[in-house]
Amino acid sequence: MFRLRFRPALVDALKAYRRDDLVADLSAGITVGFVALPLAMAFGIASGVKPEQGLVTAIVGGMLISLLGGSRVQIGGPAGAFVALLYAIAARYGIANLLLATMMAGILLFAMGALRLGNLIRFIPVAVVVGFTNGIAVIIALQQVRDFLGLQVETMPANFFSMVSTFAGAIDTIHWPAIAVGLVSLALVAFWPKSAAPGNAPWSRWLSRMPGTIAALVLGIAAVALFDVPVETIGSRFGSIPQGLPMPALPEFEWSSAQNLAGPAISIALLCAIESLLCARVADKITGQRHDSNQELMGQGVANFVAPLFGGIAATGTIARTVTNVRTGGRTPMAGVFHALTLLLIMLVFAPYAGDVPMATLAAILLHVAWNMGDWAAFPRLRKFSMNHRALMLTTFALTVVFDLTVAVQVGLVLASLFFIYRVSALTRIERIEIDPEIAQRGGQTIRAYRLFGSLFFGSVGKIDALQTTSRDPDPGVMILEMHQVINLDTSGLEALEELHHSIRSGKGRILIVAPNEQPRSLMQRSGFFDQLGPDSVFASLEEALASIRRSAADTGETPGGNGAPTVPGPGPATAS
C-alpha cells in the first residue's frame, strides 16, 4: 500500500536546536545572501526574464527548499544549469508559459519524490552529466558576449548558430566603455579575495570577507553614478526593480500553446532533480551527513510550483552557494531561511540602487560562473578512457551547445544504454569444456559441455543461437550447459535456450543445466523450462551431471564407441532441481 512519507530535514534539525546553531546559521545565511544577490539577478536576466524575477526565485524558492527539503545545508535558488533551457523555452513559448511549465515541473518533482524515485537520478552516467554541464557553461558564456562587448543587439536568439551569426553581424558595434567595465569587473570577481588580503586595519579584514561579486556590483554602480560611464544598466534595459515581492497570481496563458509544454516541463523537472541531488551529494561529502533524496525532490517540487505564482523561475540546489554555506558555518536548513530573508531585506532597502548596475558587470559575473561551472580538465582526460566514454561525453556536449539540453540528455541516455548493452554483450561468452573421452563419444553421437559466462539477455542471445550451427560434430546426444557464472537471464535469453532445446530434441538429444544461479533458476522454473527439459535435467555441478551419464550408460550396458543411442540420465542423489 502506498504511503506518503513527508518529513523535511528541518523537523529533525530543530529538535536539538541551540543558540550556537542559531548564531552559526544566521552568520552563514547573511554571507550566502550577499553571494546570491548578484547571481540571482544575473541568472534571471540570462534566463530571459527580468532581474527581479531572479531575486524572487532566490527568496521564495530558496526559502521553501530550505523549509521542506531533505538536506540540512543545501541552498536553493536560480542556477546556471537552467539558463540555456529556460531562455529557449521563454523565447519559444513566452514568459507566461515558462512559468506554467515550471509549475508543471514542480508537480512532476513532487510526484517523483512521493514515489521514491530519487535514487534513479544516480543512474545517469557521469559522462552525460559532465557533457551537458560543460555545454551549458559554453551557452552561458556565449549569452554574455553581447553585454560584455556592448554590442547593439535587440534580442538574443536561443540557438548556437543564430548567436554566432548575430555576433558576426554586430561586431562593428563594439562599445569600448562596456569592455572596460566588464574587464575590471571580471578581475574583481576573480581576484578580489587576494587583492583585499587582510591587514592590520579592521576595514581591511572586513573587505577581505566581502565576495568579489559584491565588490564588482558596488564599484560598477559607483562608476555609473559618480563618473557617468556611458554603459547600459539594469535600469536602462528593464526599468526599476520593485521594492518587495509581488502578490501571488496564476500566470496568464493560452491553452493553444500551453498544451505543448509537457516536453519543457519534463526537461525542467529532470534537470532540477539532477542538479539538486548532485549538489546534495557534494554537500554530503563535505559535511559527512546524508540527505533524503526523495524528500529533497518533494521540497523542490513545492518550491517550483509556488515560486512562479510570484513571478519566479525554476529553482534548484546550487553548488556554489551550498558550499559557501557549509564553509561559513551553516549547520541546519535555517541558514537557507536566513539567506532568503537577507535577500528580501536587500530587495526592500536597496532595490532603487540596483538600476545602476552595469550589464557588463553582470556579464562578467556570469562569465566567471561559466568558467567555474565547467569541468574543462575532463577534455584532456578523455584520452585515458574508452572510445565509448569519449563518444558519450563529446556527443552530449556538442548537442547541448548546438541544439538544446533536452535533446542532449535524451540522446546521451540512449547512447549510454546502447554502449552498456554492447559492453555487457561483449563480456558474455561461451567456452567449450573438455570432458572425459570415454564418455564424450557414445554410439556415434557426442556429448558436449559448455561453460557460460555473463548475462544472457536480448543483447547476447546470438551467442546461444551460435551453439546450434557452429559445431561440426554430429548433433549431441546430450548438451551440458554449465551456468554457475551466468548472473542474469531475461526472457529473450530464455527464449534462445528454449529454441536450442527444441533444436537438440529434434535430433533425439537432450540439454542438461548445471549449477544455475538464483535468478536464472527462478525464471527457468517459473516459465516451465525445467519441465520442458524433463526430469533429472538440473544438476548442482558438472561432476554430478557426468556421473549421472556414466550411471546411465552402465545401466543400459552401453560402451564407448558402441552403436546404441544415448540414454537419458537416470535419477539419483546427485541431482538438484
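The values are calculated or read from the model by the stated rules, or taken from the named source; none is laboratory data. This one's a predicted model, so the numbers in the text were calculated from it and none came from an experiment. Reconstructed Cβ throughout: ideal geometry from the backbone, glycine too, with neighbour counts over all protein chains shown. Surface areas here come from the heavy atoms of the whole protein model, side chains and all, with no ligands, DNA or RNA. Shrake-Rupley method; radii C 1.70, N 1.55, O 1.52, S 1.80 Å.
Quick one: in region 474-508, of everything that is open to solvent by less than 10 Å² (accessible area, probe 1.4 Å) and over 40 Å from the mean Cα position of the chain (by Cα), which residue is nearest to GLY459 (Cα to Cα)?
The residue in question is LEU500.
Look at ILE121 and say whether it is closer than 24 Å to LEU415 by Cα and modelled with pLDDT of 90 or more. Give the derivation first.
Numbers: closer than 24 Å to LEU415 by Cα: yes; modelled with pLDDT of 90 or more: no.
Considered against the rule, which asks whether it is closer than 24 Å to LEU415 by Cα and modelled with pLDDT of 90 or more, ILE121 comes out as no.
Which of the residues belonging to region 317-327 are touching a Cys at 6+ places or on another chain (Cβ under 6 Å) and assigned to a helix (DSSP H, G or I)? Lay out the reasoning, then the answer.
So the first thing to find is which residues in region 317-327 are touching a Cys at 6+ places or on another chain (Cβ under 6 Å), and the list is 317, 319, 322.
Once the filter is applied, which keeps residues that are touching a Cys at 6+ places or on another chain (Cβ under 6 Å) and assigned to a helix (DSSP H, G or I), region 317-327 yields ILE319, THR322.
Please find, within region 70-122, the residue that is most open to solvent (accessible area, probe 1.4 Å) out of those that are more than 27 Å from THR342 (Cα to Cα) and of a type in the set (D, E, K, R).
Across region 70-122, the extreme among qualifying residues is ARG92.
Could you please let me know if GLN53 is closer than 21 Å to LEU261 by Cβ, of a type in the set (S, T, N, Q) and open to solvent by 20 Å² or more (accessible area, probe 1.4 Å)? Quick ask: steps written out before the conclusion?
On the way: closer than 21 Å to LEU261 by Cβ: yes; of a type in the set (S, T, N, Q): yes; open to solvent by 20 Å² or more (accessible area, probe 1.4 Å): yes.
Considered against the rule, which asks whether it is closer than 21 Å to LEU261 by Cβ, of a type in the set (S, T, N, Q) and open to solvent by 20 Å² or more (accessible area, probe 1.4 Å), GLN53 comes out as yes.
State whether the residues of region 240-263 include one that is within 22 Å of ASN372 (Cβ to Cβ), open to solvent by less than 40 Å² (accessible area, probe 1.4 Å) and assigned to a helix (DSSP H, G or I). Spell out how you get there, then give the answer.
Here is the first cut: in region 240-263, the residues within 22 Å of ASN372 (Cβ to Cβ) are none.
No; the residues of region 240-263 include none that is within 22 Å of ASN372 (Cβ to Cβ), open to solvent by less than 40 Å² (accessible area, probe 1.4 Å) and assigned to a helix (DSSP H, G or I).
Which residues, taken from region 142-189, are open to solvent by 20 Å² or more (accessible area, probe 1.4 Å), more than 15 Å from ALA88 (Cα to Cα) and small (Gly, Ala, Ser)?
Result: SER165, ALA168, GLY169, ALA180, ALA187.
Can you name every residue in region 509-526 that is over 16 Å from PHE457 (Cα atoms) and open to solvent by less than 40 Å² (accessible area, probe 1.4 Å)?
Across region 509-526, the qualifying residues are GLY509, ARG510, ILE511, LEU512, ILE513, VAL514, ALA515.
Please specify each residue of region 264-292 satisfying the condition of being in contact with an Asp or Glu (Cβ under 7 Å, 6 or more places away or on another chain), of a type outside the set (Lys, Arg) and open to solvent by 50 Å² or more (accessible area, probe 1.4 Å). Give the derivation first.
First, pick out the residues of region 264-292 that are in contact with an Asp or Glu (Cβ under 7 Å, 6 or more places away or on another chain): 276-277, 280, 290-291.
Keeping just the survivors that are of a type outside the set (Lys, Arg) gives 276-277, 280, 291.
Within region 264-292, none qualify.
Right, ALA576: more than 19 Å from ILE430 (Cβ to Cβ), modelled with pLDDT under 90, of a type in the set (A, V, I, L, M) and out of contact with any Cys (no Cβ under 8 Å at 6 or more places or on another chain) or not? Spell out how you get there, then give the answer.
Values: more than 19 Å from ILE430 (Cβ to Cβ): yes; modelled with pLDDT under 90: yes; of a type in the set (A, V, I, L, M): yes; out of contact with any Cys (no Cβ under 8 Å at 6 or more places or on another chain): yes.
Yes; evaluated as a whole, the condition is true for this residue.
For region 219-239, give me each residue that is at pLDDT 90 or above and assigned to a helix (DSSP H, G or I).
Of everything in region 219-239, those that are at pLDDT 90 or above and assigned to a helix (DSSP H, G or I) turn out to be LEU219, GLY220, ILE221, ALA222, ILE234, GLY235, SER236, ARG237, PHE238.
Which of the residues belonging to region 328-386 are open to solvent by 10 Å² or more (accessible area, probe 1.4 Å), within 30 Å of ALA180 (Cα to Cα), assigned to a helix (DSSP H, G or I) and not hydrophobic (A, V, I, L, M, F, W, C)?
PRO352, TYR353, HIS368, ASN372
Show me the helices (runs of 4 or more DSSP H) found entirely inside region 494-557 where at least 1 residues are closer than 22 Å to ILE433 by Cβ and touching an Asp or Glu at 6+ places or on another chain (Cβ under 8 Å).
Working: elements: 518-526, 529-533, 542-556.
Filter on region 494-557 gives 529-533, 542-556.
Determine which single condition MET63 fails, assuming it passes every other condition in (1) touching a His at 6+ places or on another chain (Cβ under 8 Å); (2) open to solvent by 10 Å² or more (accessible area, probe 1.4 Å).
Unmet for MET63, out of (1) touching a His at 6+ places or on another chain (Cβ under 8 Å); (2) open to solvent by 10 Å² or more (accessible area, probe 1.4 Å): (1).
Any idea which of LEU405, LEU467, LEU427, LEU415 is crowded, with 18+ Cβ neighbours inside 10 Å, out of contact with any Pro (no Cβ under 7 Å at 6 or more places or on another chain) and at pLDDT 85 or above?
On the way: LEU405 fails: at pLDDT 85 or above; LEU467 fails: at pLDDT 85 or above; LEU427 fails: crowded, with 18+ Cβ neighbours inside 10 Å.
Of LEU405, LEU467, LEU427, LEU415, the one residue that is crowded, with 18+ Cβ neighbours inside 10 Å, out of contact with any Pro (no Cβ under 7 Å at 6 or more places or on another chain) and at pLDDT 85 or above is LEU415.
Output the residue which, of all residues in region 295-327 that are open to solvent by 10 Å² or more (accessible area, probe 1.4 Å) and of a type outside the set (Val, Ile, Thr), is nearest to PRO51 (Cα to Cα). Spell out how you get there, then give the answer.
Within region 295-327, the first condition is being open to solvent by 10 Å² or more (accessible area, probe 1.4 Å), and the residues that meet it are 302, 305-306, 309-311, 319-320, 323-324, 326-327.
Pick out the ones that are also of a type outside the set (Val, Ile, Thr) and you get 305, 309-311, 320, 327.
Numbers: PHE305: 20, LEU309: 16, PHE310: 13, GLY311: 11, ALA320: 20, ARG327: 28 Å.
The residue in question is GLY311.
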